[in-house]
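See structure below.
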Amino acid sequence: MKIYDFKGFPNPARVRIALAEKGLTDRVEFIAVNVPAGEHRLPAFVAKNPAAAVPVLELDDGTMISECTAITEYLDHLDGEPTLTGSSPKQRAVIHMMQRRAEAELMDAVATYFHHATPGLGAKIELYQNREWGEKSRDRALAGMAYFDRLLGNQPYLAGDAFSMADITAFVGLGFADFAKIAIPADLANLHAWRARIAARPGVKAS
């Protein structure tokens with residue numbers, strides 16, 4: 001398998017953590033796509049992913065899979081434990097629900113703030129910016145952090161008792177927030193403690 005990505009960027013980080021957690025990193029060839037230089041918008045890459053975004057997973061038969069959730073879903077079903085997407089119908093539904101909330105209320109909110117209310121990746125990449133929308137999205141990210149903090153007061157992980165792809169997304173989202181200079185409020189003790197536990201996982205440290 002091949003992964004087209006740009007190491008250090010948030011969405012590629014999500015897939016790299018999933019690979020490490022599943023013990024599959026050695027089965028993948030990583031191919032760098034220089035996003036800051038605009039390589040993701042060149043015809044050769046757009047042919048692989050019309051959305052012009054990394055990461056993209058290329059299977060041995062030439063199938064291209066984009067979107068982090070879809071890539072993680074595929075990787076999770078290559079073998080058994082640990083599962084990142086759930087095994088029972090209930091687990092799968094709850095994980096996917098929390099995965100979407102982690103994206104919408106944290107990852108996407110931080111990304112919108114970064115791309116609209118800061119210089120982002122520079123004028124050559126940021127072709128349109130709406131600062132007001134960016135600032136609103138920063139508020140949404142902070143509200144998302146508060147929501148996850150309340151949730152983590154009653155359970156160890158975002159989707160319940162087990163680590164899942166929802167935790168990966170939220171963890172990377174907080175890293176993106178650091179980069180965008182959106183600090184986790186100091187009083188969100190549950191979120192801070194959860195983040196420290198996730199950071200200590202061997203799969204996260206190895207990614």
Inset, instruction - Considering only lysines 8 or more places apart in sequence, or on different chains, count the pairs in the chain whose C-alpha atoms sit under 24 Å apart. - result: 15
Legend entry - Candidate residues 165, 1, 64: accessible-area rank, largest first, probe 1.4 Å: 64, 1, 165
Legend entry - Charged-residue dipole, Cβ positions (Lys, Arg, Asp, Glu), the range 1-135 about Cα centre, Debye nearest 20: 180 debye
Inset, instruction - Kindly provide the trypsin sites (Lys or Arg not before Pro) of the range 72-177 that DSSP labels as loop, not H, G, I, E or B, and whose Cβ sees at most 13 other Cβ atoms within 10 Å. - result: 124
Legend entry - Residues of the range 1-139: accessible area per residue with a 1.4 Å probe, Å²: 52 Å²
Legend entry - Low-density loop positions, chymotrypsin sites (Phe, Trp or Tyr not before Pro), the range 128-207 - DSSP coil, at most 11 other Cβ in 10 Å: 128
Legend entry - Backbone HN-Hα couplings from phi across the range 47-63 [Karplus 6.51/-1.76/1.60, Hz, Gly and Pro as x]: 5, 7, 9, x, 6, 6, 9, 9, x, 9, 9, 10, 7, 4, 8, x, 5
Inset, instruction - Using a/c under 1.5 as the rounded threshold, could you call the range 106-207 rounded, prolate or oblate? The axes a ≥ b ≥ c are square roots of the C-alpha gyration tensor eigenvalues, and prolate needs a/b larger than b/c, oblate otherwise. - result: prolate
Legend entry - Whole-Hz ³J(HN,Hα) from phi, Karplus 6.51 cos²θ - 1.76 cosθ + 1.60, for the range 191-206, glycine and proline x: 5, 4, 5, 4, 4, 5, 5, 5, 4, 7, 5, x, x, 6, 5, 8
Inset, instruction - With all protein chains present, calculate the accessible area of residue 60 using a 1.4 Å probe and round the result to the nearest 10 Å². - result: 140 Å²
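The values are calculated or read from the model by the stated rules, or taken from the named source; none is laboratory data. Just so it is clear, the structure is predicted and the values come from calculations on it, not from any experiment. Cβ sites come from the backbone with ideal geometry, for glycine too, and all protein chains shown count toward neighbours. The area values use the complete protein model at the heavy-atom level, side chains included, leaving out ligands, DNA and RNA. Shrake-Rupley method; radii C 1.70, N 1.55, O 1.52, S 1.80 Å.
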